[in-house]
1. What is the P(r) of segment A:118-301, as percent of Cα-Cα pairs per 10 Å bin from 0?
2. Could you calculate the contour length gain from A:Leu226 to A:Ala127, that is, 0.36 nm times the residue separation minus the distance between their Cα atoms, to one decimal place in nm?
3. Could you calculate the FRET efficiency of A:His300 with B:Ser25 from 1/(1 + (r/R0)^6), where r is the beta carbon distance between them and R0 is 25 Å, rounded to 0.05?
4. Which net charge results for the neighbourhood of B:Leu125, defined as the other residues with beta-carbon distances under 14 angstrom from its beta-carbon, given Lys and Arg at +1 and Asp and Glu at -1?
5. Is there a pair in B:Lys211/B:Lys334; B:Lys149/B:Lys432; B:Lys334/B:Lys389; B:Lys334/B:Lys432; B:Lys351/B:Lys389 whose C-alpha atoms are over 26 Å apart, and which pairs would that be?
6. Name the helices (complete DSSP H segments) of chain A with a Cα length along the long axis of 20 Å or more and a Kyte-Doolittle mean of at least 1.0, or state none.
7. May I ask you to list the chymotrypsin sites (Phe, Trp or Tyr not before Pro) in segment A:251-294 that are in a DSSP loop and have at most 14 other Cβ atoms within 10 Å of their Cβ?
8. Is any residue of segment A:253-269 close enough, with backbone N under 20 Å, to a label point placed 7 angstrom from the Cα of B:Leu54 along the Cα-Cβ axis, and if so, which?
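Each value in this text was obtained by applying a stated rule to the coordinates, not by laboratory testing. Everything numeric in this text was worked out from a predicted model, so none of it was measured. No Cβ is skipped: glycine too gets one built from the backbone with ideal geometry, and neighbour counts run over all protein chains shown.
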Amino acid sequence: MIEWLLDGTLAALLLILAIAVIRASGLYASVVLFIAFGLLLALTWARLGAPDLALAEAAIGAGLTGVLLLGALAHARPERPSNTLYGYRWPAALVSMALAALLIRAVWPLAETTQPLPAQVMTELEASGVSHPVTAVLLNFRAWDTLLELLVVLFAFLGLRQLRLAPLAHTEPWPLLAAWGRLLAPLALVIGGYLLWRGTSAPGGAFQGGALLAAGLVVLRLNGVLPALSWRQWPVRLGVLLGVTVFLAVAALTHAFGAGWLTYPVAWNTPLIVAIEVAATLSIALTLALLVVGEPEEVHP
Amino acid sequence: MTLALMSLLLPLASALVLLVLRARSPVLMILATLGSLIAAAGALYQVVDGGEQLLALGGWEPPLGIRFRLTPLSGLLLVFTALIHLLVAFYAAASRHSQTRHTDYWPLSGLLHASLVALWLSNDLFNWYVTLELLGLVAVALVTLAGPKAYRAAMRYLILSLVASLFYLLGVALLYGRYGVLDVALLASLTEADATTHTALLLMTLGLMLKAALWPLHLWLPPAHAGAPTAVSALLSALVVKGPLFILWLIWSEIAPPALARDMGFIMALAGVAALLSGGWSAMRTPYIKTLVAYSTVAQLGYALMALGLLLYWELPELHVALWLFVLSHGLAKVSMFLAAGEMQATLGSKRISALTGATQTMPVAMFAFAVAGGSLIGLPPSGGFLAKWLLLQPLFAEPANWFWAFAVLLGTLASAVYVFRVVALAFDRAKPTRPDFDPHVLAQWLALIPALLVWGMALVSQPLILWLTGVTH
Amino acid sequence: MTQSLLFLVVGVCLWVIGLYGLLRVRHVIRRLIAVNIMGGGAFTVMVAIAVRTDPVDPVFQALVVTGLVVAVSATAFALRLASAEAHCTRRRESRP
């Protein structure tokens, strides 16, 4: 009964918040509501047996995206209040409702369907080199997806580098915030590292660790503790490209000398996965941090 | 398969090297593209010779892992991608107006190349989602190389691309929820005609049509492709929009239940006709050179969509060949047209078509390239465009009931003839030619001409080409 | 009605709410927020699909991790692009 109450409340709150985000009369209100929405989504996913995703969503949805949105607000053109919503209200509503009905009819039978795949993952888990199934899928069974995912992060950063950016509108950090930041940031770094380490056997892993590390770097940067990085410095370039390079090198080497593209030799399973994870975490953290708070002179040539 | 992987790895690794070294030299990327082309040609030879190849990545067979699949068609697309990249790279290295000198053009073009190869080789619905995102991001980054005036178009492109991905992703989620597999070959043997499958395919189709700029979801394309630097416009029009088209073709010809495919085919063919007419109409009326070429892409994609729709509607395997011939010949012709148009626009100092007055005198080679490429788009024999159109028209003429579609193709041809001759006629008006701002650059003009000559050369190898492509459908 | 079904429906509704927002809002930041709500909906559907089996399906959870990275990277790039666009327009308008 309590379970149901909790699930029902979460579901209702999510829907209400989503509508409130869309309808909020001010941009700022919309952004703040969206951050709350992200946190609630993380909570929901934690309830749905996905602690990995809850961790990731909390670090990103509420943390990084929040910082990004607030930063973008500073530059955005002001919004005319009469212009919040436009277009034809009823046609849009009708199309949406029809689509919602269609989609609900489509998902209705899914809750009852069962599949053999999860069981298959469990039987192959022994051979994968890690004991946490999600990490095994990410870094072994579907490692190619993860390699491409690292490329997505890199591409977003390269896109950023081509822009004539506005300098970020920093204000002097509020003293209490600065003090908190100094306390929180190292904590984020430690937790990020811990998540990475734990990822082989329990929820966590390269991406969650990377996102938390990125959040720590962002806080340190906003506090002015961290010096400006620059694309001119080779360690920065190497750091950004490390994850993709290591992953790709493993792929090419296993293809050339081993059993095939991304087929890890059995004895080397765990060390290779850990090496890739460490490299990926560093790259994700650095790249995301630069994407969020990279000043023009830091990211440009 | 090793050769196909080489074709992927070479541009990707070279791009990473260029980034680490902060180098801007075109030499490495041209060499890598050349290597990739040779590897792709080898892969094509192997696959035509020995048949389809499969590679389970990481040694895990689907449904657990991802599988690469090299068919004669994907081999051909590997060669096509590398060839287009090579031709554009020569132009970009030679031209003074290619906006590649002070930007990351070279690494980004290598990454675009690698993303496309990853898409052609993949055979997994979720992996395609990631490659589509890669394509979208790198394409937007390349558009922004043109500077702040292109930002608005880039922003629109990016948002629509993200929305399209989410349509596609929700469709993939529904299919996975229903069948528990993501590999196309496995899925093909499982699908049934139920509400979930229908909705999933509908969502994926909408997303892919938006990404491929197929009518009526094409409105983002002209500003983005016209606003990008010239070399980038060529790559975007020739290659990037073909990626989603490839996935669309695979999911409808392999996964979709036949009854649904027939209905959807009819709608797609109608949308193709609308694309032909509306794209042609806009190209006839726009005052800007590159916008004209971009609208012609919308119209030409209409032929491809029509071929796809009709092949589903009538279940005619010949039309597979027509579809892919359209893609190949349009790609080559469009590269030539964009490079010529961009070179003339930059040299004559105006984006307007009226600036091309007397261009046959001031920039004869570029204008010739534009006209020759235009000839293939219209479908004049013996070009690649003619081959494709001929294959498409054959079943249409066979029965009087199909004459509606034949009439639509003829109308589209008429429209393309009008917009090409509109430019060419102006260029022959030598009474008062526009004075160029710079000395016309001869080498760049010749480099713009090569792809147009290749598309006419396609007619010479038409027989093996049609045979290979026919092999695809079996 | 099971937990999985409840959140399948919620996910679909979130996706549609995001789409509705996208059809009706104009400001670029609002559009990106709407896109992210759509994304949240799609990911919730995936999480709900993963939870219906026992053990919970790790494949689909892993795919959501990948999807989240893709979403945050693209959103970050889009927001910085929006800022750059506003900044450059403002500079162009103030110059002449």
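1. Over segment A:118-301, the share of Cα pairs per 10 Å bin runs 10, 33, 31, 18, 7, 1 percent.
2. So the extension gain works out to 31.4 nm.
3. Calculated transfer efficiency: 0.85.
4. My count for the surroundings of B:Leu125 gives -1.
5. Details: B:Lys211/B:Lys334 18 Å; B:Lys149/B:Lys432 31 Å; B:Lys334/B:Lys389 16 Å; B:Lys334/B:Lys432 29 Å; B:Lys351/B:Lys389 31 Å.
Distance filter (> 26 Å) returns B:Lys149/B:Lys432; B:Lys334/B:Lys432; B:Lys351/B:Lys389.
6. Flagged H segments are A:2-23, A:27-47, A:89-107, A:143-161, A:175-198, A:206-222, A:234-257, A:269-293.
7. none
8. Answer for this model: A:259-264.
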